[in-house]
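Enquirer: Before anything else, here's the structure in question.
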Amino acid sequence: MPHDGSPVPGRRPDIWLPVLLGTSVLTLTLAAYGLSHGLTETFPHLFYIPIILAIYRYERDGFYFSLLLASLYIGMVYLFVSPEIALLTQGTVQFVTLVGIAAIIFYLVSHLRDREERYHSIFRNSQAGVILINRRNLRILEANRRAAEILECGPGDLDGTPLRLFWKDGAEVEVFLGRLEEDGAVSDHAATFTSARGVRRHVVISAGALSGDDAVCTVVDVTERRRTELLLRSAAELSGMLVRERDAHSLLRKACANLGGMREGLVVGVWQGRGERIAPFAISDENYLHLFSDRSMSRLIRRAYETREIVSLEALGAGGITSGSASFGDFRAIPMMAGSDVLGVLAVAHTSDDRLNDEEVGLLTALANDLASTLRLSELEDEKREAYAQIDKNIEQFAILGDHIRNPLQVIVGLACMEENRSAEKILEQVYTIHGIVGRLDSGWIESAAIRDYLRRHP
């Protein structure tokens with residue numbers, strides 16, 4: 001509510017005071033003229049005009065001013081008509097009437113101001129954006145602080161601005177206006193606004209028609225919720241890829257495309273590390289490959305790989321940001337950790353003037369670690385396949401070697417049997433010993449083959 005004596009918002013203070021003083025002087029002059037000529041019933045009613053003006057404009061101070069006017073009037077009555085008892089009584093009644101009217105108007109105006117201030121307090125402090133528009137041309141008449149924050153400009157900057165400047169989808173606007181004209185109200189209409197900085201905002205807008213061509217709109221920003229839903233959906237799809245995809249290279253490319261599509265203007269790249277070296281492998285949008293090869297970006301990615309910590313643009317400092325890195329609204333280099341080992345870096349950049357929130361960074365970090373774990377499992381699977389292949393090769397060599405040993409032994413046994421002497425007997429004994437050893441080798445590789453088959457059935 002305006003303070004006592006303060007101007008009412010929207011009024012011109014240089015007009016009210018001269019008008020009030022002019023009507024008051026004119027009313028007092030006419031009342032004095034009437035009382036001096038015996039006209040005591042007509043001119044007192046003119047006091048209603050300055051009383052209403054004073055109280056509406058200045059509230060409590062105006063009420064005191066009205067009491068002063070009434071007091072001046074009763075003073076003139078006693079001055080001009082005394083000692084006429086009837087006229088004095090009539091003047092006193094008129095004085096009481098003026099005071100009573102002033103009190104009633106003061107009460108009504110104060111009550112109106114309280115309700116108006118309550119409305120303005122709700123309007124200003126609402127956590128939803130509230131916009132008063134002309135529904136014929138969608139021109140903004142008034143907007144609260146939250147609406148200005150959604151559209152990323154000052155509240156005063158919106159006054160007189162066409163809403164179409166931010167709501168650029170003509171089809172959405174026509175559907176909205178059609179529902180508003182037909183039903184007089186619209187509930188939970190999904191729309192997409194473009195803020196003053198060019199950032200797309202997903203909102204839910206509700207509206208109700210007011211008197212004349214005005215309408216009040218309530219705008220709720222659901223951009224963060226929608227982004228989180230898209231991120232969770234991308235995470236779910238990526239989780240399915242981690243289970244189904246066997247080729248690590250294909251997995252990384254699909255993961256980049258999946259994460260890059262979770263929000264407009266988001267570019268995701270994967271850098272793989274080998275020892276101290278790290279090199280780019282996949283990116284969600286080939287048009288931005290030159291930006292990720294920027295010197296500043298490469299330095300941030302290498303720092304994340306070496307320190308095993310998330311690195312952002314702020315780590316460069318004002319002097320380390322090149323023209324390429326300055327084109328990003330946000331940039332995060334997230335190490336891909338598998339246990340205590342770092343296998344690469346997930347680089348996430350926003351090409352528009354927007355930033356990732358902590359929840360999104362946390363989820364991306366979890367996805368980066370999941371990718372690293374899947375890569376590590378893929379490496380282990382490759383090593384296991386190589387081990388099985390070597391075991392199969394060794395078993396096959398054992399079988400071939402056993403046959404190669406038995407064939408010469410048969411020849412030796414035949415030659416020894418042709419010689420009937422002590423040396424031939426010794427030769428036969430050693431041949432049978434060798435044959436026993438080869439038999440044990442056969443048993444060993446058969447057992448190894450059984451173990452191999454068991455491991456394959458129960459990985």
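Enquirer: Taking into account only those residues within the stretch 40-66 that are in a loop (DSSP other than H, G, I, E, B) and of a type outside the set (D, E, K, R), which is surrounded by the most Cβ atoms within 10 Å (Cβ to Cβ)?
Expert: Looking at residues that are in a loop (DSSP other than H, G, I, E, B) and of a type outside the set (D, E, K, R), I get Thr40.
Enquirer: Moving on. In the stretch 264-280, what count of residues is obtained for those that are crowded, with 20+ Cβ neighbours inside 10 Å and within 14 Å of Phe331 (Cβ to Cβ)?
Expert: So the count comes out to 5.
Enquirer: So how many residues does the stretch 126-168 have that are within 16 Å of Ala191 (Cβ to Cβ), free of Cβ contacts under 8 Å to residues at least 60 places away in the same chain and among the β-branched types (Val, Ile, Thr)?
Expert: Within the stretch 126-168, residues that are within 16 Å of Ala191 (Cβ to Cβ), free of Cβ contacts under 8 Å to residues at least 60 places away in the same chain and among the β-branched types (Val, Ile, Thr) number 1.
Enquirer: Of the residues Arg146, Arg179, which is closer than 18 Å to Asn125 by Cα, at pLDDT 85 or above and not hydroxyl-bearing (Ser, Thr, Tyr)?
Expert: That would be Arg146, the only listed residue that is closer than 18 Å to Asn125 by Cα, at pLDDT 85 or above and not hydroxyl-bearing (Ser, Thr, Tyr).
Enquirer: Is at least one residue of the stretch 176-183 aliphatic (A, V, I, L, M), assigned by TED's automatic domain parsing to the domain that holds Asp213 and either assigned to a strand (DSSP E or B) or in contact (Cβ under 8 Å) with a residue 40 or more places away in the chain (or both)?
Expert: Scanning the stretch 176-183, I find at least one residue that is aliphatic (A, V, I, L, M), assigned by TED's automatic domain parsing to the domain that holds Asp213 and either assigned to a strand (DSSP E or B) or in contact (Cβ under 8 Å) with a residue 40 or more places away in the chain (or both), so the answer is yes.
Enquirer: Considering each of Asp188, Asp159, Asp169 in turn, give the residue that is more than 19 Å from Asn137 (Cβ to Cβ) and in the same structural domain as Arg201 (by TED's automatic domain parsing).
Expert: Every option except Asp188 fails the conditions.
Enquirer: Another question, then. How many residues, within the stretch 109-128, are of a type in the set (A, V, I, L, M) and either in contact with a helix residue (DSSP H, G or I) (Cβ under 8 Å, 6 or more places away or on another chain) or under 12 Å from Ile52 (Cα atoms) (or both)?
Expert: 2
Enquirer: Further question: So which of Phe106, Phe193 is in contact with a helix residue (DSSP H, G or I) (Cβ under 9 Å, 6 or more places away or on another chain), outside the structural domain of Leu210 (by TED's automatic domain parsing), at pLDDT 85 or above and surrounded by 14 or more Cβ atoms within 10 Å (Cβ to Cβ)?
Expert: Of the residues listed, the single one that is in contact with a helix residue (DSSP H, G or I) (Cβ under 9 Å, 6 or more places away or on another chain), outside the structural domain of Leu210 (by TED's automatic domain parsing), at pLDDT 85 or above and surrounded by 14 or more Cβ atoms within 10 Å (Cβ to Cβ) is Phe106.
Enquirer: Determine which single condition His37 fails, assuming it passes every other condition in (1) at pLDDT below 80; (2) surrounded by 13 or more Cβ atoms within 10 Å (Cβ to Cβ).
Expert: (2)
Residues are listed down the side, and each one gets a yes or a no for (1) on the phi < 0 side of the Ramachandran plot; (2) assigned by TED's automatic domain parsing to the domain that holds His202; (3) of a type in the set (A, V, I, L, M, F, W, C):
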{"residue": "Thr40", "(1), (2), (3)": "yes, no, no"}
{"residue": "Ile52", "(1), (2), (3)": "yes, no, yes"}
{"residue": "Phe80", "(1), (2), (3)": "yes, no, yes"}
{"residue": "Ile85", "(1), (2), (3)": "yes, no, yes"}
{"residue": "Phe95", "(1), (2), (3)": "yes, no, yes"}
{"residue": "Leu98", "(1), (2), (3)": "yes, no, yes"}
{"residue": "Val130", "(1), (2), (3)": "yes, yes, yes"}
{"residue": "Arg146", "(1), (2), (3)": "yes, yes, no"}
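Enquirer: Among the residues of the stretch 275-307, what is the count of those that are in a strand (DSSP E or B) and either in contact with a strand residue (DSSP E or B) (Cβ under 9 Å, 6 or more places away or on another chain) or under 24 Å from Arg225 (Cα atoms) (or both)?
Expert: Matching residues across the stretch 275-307 total 6.
Enquirer: In the stretch 204-222, which residues are of a type outside the set (A, V, I, L, M) and either touching a residue at least 40 places away in the same chain (Cβ under 8 Å) or closer than 15 Å to Ala148 by Cα (or both)?
Expert: Asp213, Asp214, Cys217, Thr218, Asp221
Enquirer: Kindly indicate whether any position in the stretch 119-130 is among the aliphatic types (A, V, I, L, M), at pLDDT below 85 and surrounded by fewer than 14 Cβ atoms within 10 Å (Cβ to Cβ).
Expert: yes
Enquirer: Additional query: Could you list, in sequence order, the residues of the stretch 111-125 that are out of contact with any strand residue (DSSP E or B) (no Cβ under 7 Å at 6 or more places or on another chain) and without any contact (Cβ under 8 Å) to a residue 60 or more places away in the chain?
Expert: Within the stretch 111-125, His111, Leu112, Arg115, Arg118, Tyr119, His120, Ser121, Ile122, Arg124, Asn125 qualify.
Enquirer: For the stretch 57-76, how many residues are of a type in the set (Gly, Ala, Ser) and closer than 17 Å to Thr29 by Cβ?
Expert: 3
Enquirer: Can I ask one more? Looking only at the stretch 78-88, decide whether some residue is in a helix (DSSP H, G or I), at pLDDT below 85 and surrounded by 17 or more Cβ atoms within 10 Å (Cβ to Cβ).
Expert: Within the stretch 78-88 (the criterion being in a helix (DSSP H, G or I), at pLDDT below 85 and surrounded by 17 or more Cβ atoms within 10 Å (Cβ to Cβ)), the answer is yes, since at least one residue qualifies.
The values are calculated or read from the model by the stated rules, or taken from the named source; none is laboratory data. Note that this is a predicted model, so its numbers are computed, not measured. Methodologically, a virtual Cβ is constructed for each residue, glycine included, from the backbone with ideal geometry; neighbour enumeration extends over all protein chains shown.
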